[in-house]
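Okay, so here's the structure we're looking at.
Please treat every number below as a calculation from the coordinates, not as lab data. In this text, all values refer to a predicted model and were calculated from it rather than measured experimentally. All Cβ positions, even for glycine, are placed from backbone atoms using ideal geometry, and neighbour counts span all protein chains on display.
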Amino acid sequence: MSWSEDSSSDADILAGAQLDTLAVRAGQRRTPEGEHSEAIFTTSSYVFANAAEAAARFSGEQPGNVYSRYTNPSVRTFEERIAALEGAEQAVATASGMAAILSTCLALLKSGDHIVCSQSVFGTTTVLFEKYLSKLNIRSTMVPLSDPGAWESAIRPETRLLFLETPSNPLCEIADLAAMKALAEATGTLLVVDNCFCTPALQRPFEFGADIVIHSATKYLDGQGRCLGGVALGRKELMDEVLAFVRSAGPTMSPFNAWVFTKGLETLRLRMEAHSANALALAHWLRQQAAVERVFYAGLEDHPGHELASKQQSAFGGVLAFRVRGGREEAWRTIDATRMLSLTANLGDAKTTIVHPATTTHGRLDAGQREESGITENLIRVAVGLESIDDIKADLARGLELL
Ligand SMILES: *Cc1c(COP(=O)(O)O)cnc(C)c1O
């Protein structure tokens, strides 16, 4: 595609560019139409000039598009832009966050391999590891996120991956990324960080030595709750394996979704800072409410992860949790009294969402496991959006004042 080689956003123009510039411009290639905004390439296949070119494309002798399960210009723009923001050599986009996790595991692991995983990861990640990867004899051990000793003693000779999210959902526990990297290095394992909650706008795990970063693009990368997507990022040698798997298995990102995420990245830092400012203000306000027993947000100075989060993150993100005085009944009353907040399990949206983890996102755990991981019946999670903080507080006050 000669037009794509010599048009805008050339690597040399952006060499050394700052994050805000990369977020707006990395990965764009203009077509001869001269469109200013990135085009959407909704095509499943591509035509060749002649039979010899078709043969050369198929054999790989000539680079270029063949079929959208292999390459698509809209998907490539998203991959290049998110790779620039994370500081990764290569990105592989997928149909969802779960597809990114599955593709990474199936590309890099084989029967007999072992994963050590934080207990506080996205619920479906646990199901994927424990129910499905175990069928392929890829076993996992779940350990407390912020207990390095537990990670160390769970590692076996056949351990290949250390998998975590930081901050955790919903209690905002923080992992020490540098310490986890040291452990990965000492044990010959790969450190995989699901960076969904912070995004590269707030935390860049590769700077702490992570080998692979995963995103559910569905959340903050989109930022407005429209599309499902995911991405895995890392060194070329690892991502080539993931890409080969995605091409063969087919959990490909749709070009339309890639375009939505590409445009989402342009405003990512501004949105993440606004989410974080609203969440911090809400955390301070919640703490003053008589009906609130405890607030979990790493931006609060007395949160056990505050110091570490301050080192690793430029702000504390949009998700917080709090316990009301009482139990399930009081938590449900608070949730049901809201009129503006959206009662939905999604997060990373401009609209503030509220959920009762014990009976939704964490409902598959038994009561003992929930209690052990702090997901009590009186816990409420709020993924703070971009509405006026006064209106968010007023909506929560409706219920809290009843308790
Ligand atoms: C939502 C989520 C996922 C899964 O992403 P999907 O896009 O829903 O498949 C993985 N990890 C985290 C932390 C998430 O919040």
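Just list whichever of 219/393; 110/181; 236/351; 110/311; 181/236; 131/351 have alpha carbons separated by over 26 Å in the model shown.
Details: 219/393 23 Å; 110/181 22 Å; 236/351 36 Å; 110/311 36 Å; 181/236 19 Å; 131/351 33 Å.
With Cα atoms farther than 26 Å apart: 236/351; 110/311; 131/351.
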| query | How much net charge surrounds residue 67 when only the other residues with a Cβ under 12 Å from the Cβ of residue 67 are counted, with Lys and Arg +1 and Asp and Glu -1? | reply | +3
| task | Please identify, among 16, 188, 223, the residue showing maximal mean-square fluctuation in a Gaussian network model of the chain using a 10 angstrom Cα cutoff. | result | 16
| query | By per-residue mean of other Cβ atoms within 10 Å, what is the highest-first order of 393-402, 163-172? | reply | 163-172, 393-402
| query | Direction-averaged shadow area of the convex hull around the Cα atoms of the chain, nm²? | reply | 20.4
| To the nearest Å, what is the center-to-center distance of segment 377-403 and segment 102-144, using C-alpha atoms only? | 35
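Largest first and in whole Å, what are the equivalent-ellipsoid semi-axes of segment 268-400 based on the Cα gyration tensor, each being the root of 5 times an eigenvalue?
Details: eigenvalues 93, 65, 41 Å².
In descending order the semi-axes read 22, 18, 14 Å.
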| task | Return the single residue from 54, 232, 277 with maximal mean-square fluctuation; model: Gaussian network over the chain, springs between Cα atoms under 10 Å. | result | 54
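For the chain, what is the mean residue ellipticity at 222 nm derived from helices alone (per DSSP H run of n ≥ 4: -39500 (n - 2.57); sum divided by total residues; nearest 500 deg cm²/dmol)?
Rounded to the nearest 500, the figure is -11500 deg cm²/dmol.
Using the Cα centre as the reference, give the magnitude of the dipole from point charges on the C-beta atoms of segment 268-400 (Lys, Arg: +1; Asp, Glu: -1; all else neutral), rounded to the nearest 20 debye. Please report the intermediate quantities before stating the final value.
Values: 16 positive and 17 negative charges, 36 e Å.
About 180 debye.
Could you compute the net charge surrounding residue 207? Neighbours are other residues with a C-beta less than 12 Å from the C-beta of residue 207; K and R count +1, D and E count -1.
The answer is +2.
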| query | Taking the Cα atoms only, what angle lies between the long axis of helix 268-287 and the longest principal axis of the chain, rounded to 10 degrees? | reply | 10
| For the chain, what is the charge dipole size about the Cα centre, in debye to the nearest 20, if Lys and Arg each add +1 at the Cβ and Asp and Glu each add -1 at the Cβ? | 820
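Give me the net charge for the shell around residue 228: Cβ to Cβ below 12 angstrom, other residues only, Lys and Arg +1, Asp and Glu -1. Walk me through the numbers before you get to the answer.
On the way: positive: 219, 226; negative: 222.
For residues surrounding residue 228, the net value is +1.
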